[in-house]
Amino acid sequence: MPRPTAAQLAYGSCTVILSTLAMLLLSQTSSPTGIALVAVAALALGLLVALTVPVRRAPRPAPASAAARPAAQERVAAGSVTDN
């Protein structure tokens with residue numbers, strides 16, 4: 001599994017923190033069960049956001065052109081065919 005990028009970690013962490021605060025303020029829960037459910041939901045949402053952030057890949061180097069590669073040289077002497 002590839003390592004997460006800095007953008008994925010940042011977006012996921014911000015999502016967890018902000019969604020936890022928002023859900024706790026909107027639900028006005030004070031029970032341990034409600035807080036645990038909000039925390040689990042926020043973690044799941046943060047994971048979803050972190051996994052859906054597009055990953056920018058490093059560009060691959062262009063293949064060497066035919067002019068830059070040494071040409072394969074075939075050594076065929078004209079008229080040197082011998083029949084046995």
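The values are calculated or read from the model by the stated rules, or taken from the named source; none is laboratory data. What you are looking at is a predicted structure, and each value in this text was computed from that prediction instead of being measured. Glycine also receives a Cβ, built like all others from the backbone with ideal geometry; neighbour counts cover every protein chain displayed.
For segment 23-36, name all the residues that are part of a helix (DSSP H, G or I) and either under 27 Å from Pro2 (Cβ atoms) or in contact with a helix residue (DSSP H, G or I) (Cβ under 9 Å, 6 or more places away or on another chain) (or both). Break it down into steps so the answer makes sense when it comes.
Going through segment 23-36, the residues part of a helix (DSSP H, G or I) turn out to be 23-27, 32-36.
Residues satisfying the conditions are Met23, Leu24, Ser27, Gly34, Ile35.
Any idea which residue in segment 58-84 is surrounded by the fewest Cβ atoms within 10 Å (Cβ to Cβ), counting only those that are at pLDDT 55 or above and among the β-branched types (Val, Ile, Thr)?
Selected residue: Thr82.
For the subset of segment 1-33 comprising residues that are touching a residue at least 40 places away in the same chain (Cβ under 8 Å) and of a type in the set (A, V, I, L, M), which member is farthest from Val53 (Cα to Cα)?
Here the residue is Leu9.
State whether one or more residues within segment 42-57 are modelled with pLDDT of 70 or more, polar (S, T, N, Q), surrounded by 12 or more Cβ atoms within 10 Å (Cβ to Cβ) and not in a loop (DSSP other than H, G, I, E, B).
The answer is no, given that none of the residues of segment 42-57 is modelled with pLDDT of 70 or more, polar (S, T, N, Q), surrounded by 12 or more Cβ atoms within 10 Å (Cβ to Cβ) and not in a loop (DSSP other than H, G, I, E, B).
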